[in-house]
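Engineer: I'd like to ask you about the structure that follows.
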Amino acid sequence: METLKNYLENMFLSLPNTPEVRKAKSELGQMMEDKYTELKNEGKAENEAIGIVISEFGNLDEVAEELGIKTYVEEDTSSGELLCLEDAKAYLKDTIKCSQLIALGVMLCIISPTPFIFMGAYSDTANSDFAVVRTGAFAIFVMFFFIGLAVAFFICAGVTKGKWQQIKRKTVGIDFHVTDYTKTQYESLRSSHALCLSIGCMFCILSFIPVVLISAIIPAGFWVECSAAFLFILVAIGVYLIVFTANRNAGYQSLLSLNAKGTIGNIHVPESAKEVEYTSKGVATVMSVYWQTVTCIYLCVSFISFDWHITWIIWPVAAVLRSILNTCFQKI
Amino acid sequence: MITISSDVIRGYNDTIILCLLLDGPSYGYEISKKIKSLSGEKYIIKETTLYSAFNRMEKNGYVASFQNEDILGGKRRTYYRITDKGRQYYREKCEEWMLTKEVVERFIKRD
């Protein structure tokens with residue numbers, strides 16, 4: 001029976017997701033099931049029954065023509081191939097790897113200014129100028145080391161992702177089997193996703209606590225001046241969790257949305273993952289490079305002013321601005 | 001083995017289905033089973049053909065569909081019943097076939 005269900009789902013994959021098509025699918029499914037049950041009751045073997053049902057199923061073009069959707073069927077099945085299950089599994093594995101790399105990179109970027117905080121705290125309490133210069137040089141070295149490592153991670157993730165861009169371009173969609181697999185996996189990650197998001201947010205929100213606590217307990221001195229570093233570290237952990245889980249989720253969603261928009265095969269894509277459309281072309285262009293621009297501004301401002309302790313504020317502001325832009329210019 | 005000409009039969013799928021519905025409402029698989037047995041297993045209608053015919057005839061108002069449970073209890077199925085318009089169409093098609101058969105028959109040589 002599973003085979004017949006797969007067969008039917010795959011036949012309908014590229015048809016538009018309309019009430020008429022869904023009705024046709026359920027009716028045909030019903031007829032196949034009835035026939036299969038009867039053949040089995042007659043004592044036919046599983047494979048034989050399936051063979052008979054499929055051979056007597058007919059051609060879907062006929063139904064499509066009747067429903068006035070002939071063009072859809074032809075257009076979609078000729079131009080490419082379906083992604084196979086092995087590829088889908090490999091893609092998901094790579095997605096998780098990339099998510100980890102990107103999240104680690106972002107984390108390193110966030111904690112990269114912390115050596116300066118330690119250095120500042122140290123130089124204020126240190127005795128000799130020589131020690132100050134030495135720690136300063138060390139802090140710069142560590143910062144660039146972190147940033148360098150982050151960039152390496154980003155490149156690594158980009159290369160892995162690039163490999164899949166090619167495959168995505170060649171394929172027209174995923175069949176029912178793969179959709180089912182991906183969807184089950186995606187569903188099973190739901191609680192882990194929610195957990196990562198909430199813990200991540202909690203870390204970000206509560207990141208100021210060490211600063212407050214330390215300055216409340218200990219009078220001014222080395223540790224109080226260092227306390228800002230803990231803020232960065234907590235934010236970095238929080239952001240790691242958020243970026244990791246968001247990227248992982250996006251990977252699953254991009255796989256599920258491989259099937260053409262509005263087709264039966266596309267029904268599993270969550271509403272939130274559908275691409276946002278904007279009312280004006282200009283806004284759409286800006287939004288397509290939004291985070292890259294923000295990153296650029298962040299790095300430029302930070303390197304010019306060297307006010308790393310405050311420039312991070314660009315990120316929350318940018319996030320808020322983005323949701324405002326989305327609400328104002330989104331096509332409903 | 002000679003099989004049935006799908007080109008010729010295509011024009012009469014509606015007639016065949018309507019004829020079976022004259023006896024009372026029925027659903028997809030039951031119709032296809034009856035076609036198979038009444039034709040002496042010489043004509044097996046494809047599922048897609050059957051559904052297309054139902055869909056077309058419903059649009060034209062020859063049949064009406066409704067949801068009903070199996071007589072044996074259990075599955076909900078889409079049942080189809082013939083309408084008055086369908087009966088009228090069926091009679092027209094019967095006459096059309098008589099004429100067609102009569103004409104074609106004159107050109108069939110048996111030896």
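Engineer: Just for region A:6-22: of the residues that are outside any helix (DSSP H, G or I) and under 14 Å from A:Asp175 (Cα atoms), which one is nearest to the other protein chains (Cβ to nearest Cβ)?
Structural biologist: A:Leu15
Engineer: Quick one: B:Leu38 ticks every box in (1) over 19 Å from A:Gly58 (Cα atoms); (2) within 13 Å of chain A (Cβ to nearest Cβ) except a single one, so which number is it?
Structural biologist: Condition not satisfied by B:Leu38: (2).
Here's the yes/no breakdown for (1) open to solvent by 60 Å² or more (accessible area, probe 1.4 Å); (2) more than 13 Å from chain B (Cβ to nearest Cβ); (3) more than 19 Å from A:Thr171 (Cβ to Cβ); (4) acidic (Asp, Glu):
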position: A:Leu4; (1), (2), (3), (4): no, no, yes, no
position: A:Ala24; (1), (2), (3), (4): no, no, yes, no
position: A:Gln30; (1), (2), (3), (4): no, no, yes, no
position: A:Glu46; (1), (2), (3), (4): yes, yes, yes, yes
position: A:Leu60; (1), (2), (3), (4): no, no, yes, no
position: A:Cys84; (1), (2), (3), (4): no, yes, no, no
position: A:Met107; (1), (2), (3), (4): no, yes, yes, no
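Engineer: Among all residue pairs at least 6 apart or on different chains, which show Cβ distances below 6 Å where the first residue, located in region B:43-55, is within 7 Å of another protein chain (Cβ to nearest Cβ) and the second is outside any helix (DSSP H, G or I) and crowded, with 23+ Cβ neighbours inside 10 Å?
Structural biologist: Here the result reads none, with nothing in region B:43-55 linked to a residue that is outside any helix (DSSP H, G or I) and crowded, with 23+ Cβ neighbours inside 10 Å.
Engineer: Another question, then. Could you tell me which numbered condition B:Ala64 fails, if it satisfies all but one of (1) in a loop (DSSP other than H, G, I, E, B); (2) more than 13 Å from every other protein chain (Cβ to nearest Cβ); (3) open to solvent by less than 30 Å² (accessible area, probe 1.4 Å)?
Structural biologist: (1)
Engineer: Based on this model, can you work out whether B:Arg81 counts as touching a residue at least 60 places away in the same chain (Cβ under 8 Å), open to solvent by 30 Å² or more (accessible area, probe 1.4 Å) and in a strand (DSSP E or B)?
Structural biologist: Yes: the conditions hold for B:Arg81.
Engineer: Another one. Taking into account only those residues within region A:32-44 that are open to solvent by less than 60 Å² (accessible area, probe 1.4 Å) and of a type outside the set (D, E, K, R), which is nearest to the other protein chains (Cβ to nearest Cβ)?
Structural biologist: That would be A:Met32.
Engineer: Another question, if that's okay. Quick one: would you say B:Gly24 is surrounded by fewer than 10 Cβ atoms within 10 Å (Cβ to Cβ), more than 12 Å from chain A (Cβ to nearest Cβ) and in contact (Cβ under 8 Å) with a residue 40 or more places away in the chain?
Structural biologist: It is true that B:Gly24 is surrounded by fewer than 10 Cβ atoms within 10 Å (Cβ to Cβ), more than 12 Å from chain A (Cβ to nearest Cβ) and in contact (Cβ under 8 Å) with a residue 40 or more places away in the chain.
Engineer: Looking only at region B:4-21, count every residue that is in contact (Cβ under 8 Å) with a residue 24 or more places away in the chain and part of a loop (DSSP other than H, G, I, E, B) and tell me the total.
Structural biologist: Number satisfying all stated conditions: 2.
Residue-wise test of (1) under 19 Å from A:Phe57 (Cβ atoms); (2) at pLDDT 90 or above.
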{"residue": "B:Ile2", "(1), (2)": "no, no"}
{"residue": "B:Ser5", "(1), (2)": "no, no"}
{"residue": "B:Leu20", "(1), (2)": "no, yes"}
{"residue": "B:Ile44", "(1), (2)": "yes, no"}
{"residue": "B:Ala64", "(1), (2)": "no, yes"}
{"residue": "B:Lys75", "(1), (2)": "no, no"}
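Engineer: How many residues are farther than 27 Å from A:Gly105 by Cα, under 21 Å from the mean Cα position of the chain (by Cα) and open to solvent by 50 Å² or more (accessible area, probe 1.4 Å) when one looks only at region A:277-323?
Structural biologist: 1
The values are calculated or read from the model by the stated rules, or taken from the named source; none is laboratory data. Small disclaimer: the values here were computed from a predicted structure and weren't measured. Positions of Cβ are backbone-derived with ideal geometry, glycine not excepted, and every protein chain shown enters the neighbour counts. For the accessible areas, the whole protein counts, side chains as well, though only heavy atoms, and no ligand, DNA or RNA atoms are used. Shrake-Rupley method; radii C 1.70, N 1.55, O 1.52, S 1.80 Å.
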